[in-house]
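**Q** Below is one structure. I have some questions about it.
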Amino acid sequence: MEGSLSNIPISTFVFDHQTSPAEDAQALHHAFRGWGSVSKAMIAILGNKNVHQRQEVIRIYEEIYQDNLIKRLEFEISNDFERAVYWWMLEPAYRDAALVNAAINGHKDYHVIAEIVCVLSAQELMAVRLAYHARYKRSLEEDVATHTTGYLRQANFDWIAIKEKKPNYEEVIRILTTRSKTQLVATFNHYKDEHGISISKKLVDQSYDDFLKVVHTGIRCINDHKKYYEKVLRNAIKMFGTDYDGLSRVVVTRAEKDLKNIKELYYKKNNVHLEDAVSKEISGDYKKFILTLLGDKTKEIFLIADIIRKGWSACKVAMSGFSKQGYYRNTGHRNVHQRREIIRTYKEIYHENLINYLESKISGDFKKAVYWWMSEPADRDAVLMNVAIKNGPKDYHVVAEIACVQLKNSWQ
């Protein structure tokens, strides 16, 4: 049995509360009009917003610009990146409804249906059923019944069952529909105690049977869905050509729930960090987006450097305040190590010193404050002391202040 702390669901990122939905909507609109990279703006702005913040940005964007943000994003980006972003922007119930519909009507992946139905709570599943009906004008049960047959239909319709050596499917379905998840887990544990092997492992040798395949998925999800998702990710990454849908589905649907736990399981199982494994298999904006949801902030630095540059470029065409908002949003809440990395990355991309660039774009007290904030602490203190000694009225209080504070720090 895992420790109690490992069972606490932990998401993979700290949500961004630095900007208002109106500011985010405006920044995205500027990107759509050509003032910077759409994909980079989208990742930096929406990749760190929780579901409530994303829905508010969608609402405000439509209110201001009379345009559907999700449809606009679909128009601007493509392929696996577009599909992952589309899932990310939907409300969870509508996202699961879309995943189930694709599994039924598209590539016939009934494991996805079993996965969603077995992992969700009864309340969450009811929300998915309502969303499915609202979106597709048919009931979820009706679509499952139309596109599947026999016991496979029952397995998907009722969610999970138990395997015997010679399967009695009617009995399996009866147990399924009359037991709670807690009772089923107890049954699975009893089976393992009695036979020395888990039910899910016993099912592996029956993989030719579609009904038992769905049963196997359901049992794994009920027993420990985090271990199940780790296996999905492992298979997705190891598959020749990579299973992008499987990768996106797990990362997008679990990012705000328990993806950090799943990442830890992945590392324990594979001795490699999930971010590193993903980085080797995918590329481009899709890679940056998935890494952002995985909580890899090093990739965000590249986006910030680009947005700062593009923000001032846009300023030449639009209003002067836009660039300052971009600066506040992207550097005002960064610690010294993050600011240092942004400066380094900016120079790597544009072959220019970011501090010098900022000084050329702003003036007055704002310029002075920005210069001090972006400088290395030691360099900043040296400049402050130099100004206090040489420029204008001699302010020896500043010299004493810096010297005494630094001396006190050296004693601690």
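Coordinate-derived values only; no laboratory data. For clarity, every value in this text was computed on a predicted model and none was experimentally measured. Cβ atoms come from the backbone with ideal geometry, glycine included; neighbour counts cover every protein chain shown.
**Q** Output the Kirkwood hydrodynamic radius of the range 11-123, Cα pairs only, in Å rounded to one decimal.
**A** Numbers: mean 1/r = 0.0653 Å⁻¹.
When all Cα pairs of the range 11-123 are included, the Kirkwood radius is 15.3 Å.
**Q** Between Tyr396 and Lys269, with labels modelled 7 Å along Cα→Cβ, what's the label distance in nm to one decimal, could you check?
**A** A separation of 6.9 nm, rounded to one decimal place.
**Q** Do the alpha carbons of any pairs in Lys260/Lys288; Lys49/Lys287; Lys108/Lys268; Lys213/Lys287 sit beyond 29 Å of each other, and which pairs?
**A** Working: Lys260/Lys288 18 Å; Lys49/Lys287 18 Å; Lys108/Lys268 32 Å; Lys213/Lys287 31 Å.
Pairs exceeding 29 Å: Lys108/Lys268; Lys213/Lys287.
**Q** For Ser360 and Ser139 in one chain, what is 0.36 nm times their gap in residues minus the Cα-Cα distance, to one decimal in nm? List each step's numbers first, then the result.
**A** Numbers: separation 221, 0.36 × 221 = 79.56 nm, distance 6.04 nm.
Result for the pair: 73.5 nm of gain on full extension.
**Q** Would you calculate the convex hull of the Cα atoms in the range 253-293 and tell me its volume per residue in Å³?
**A** Values: hull volume 2.6 nm³, N = 41.
It is 63 Å³ per residue.
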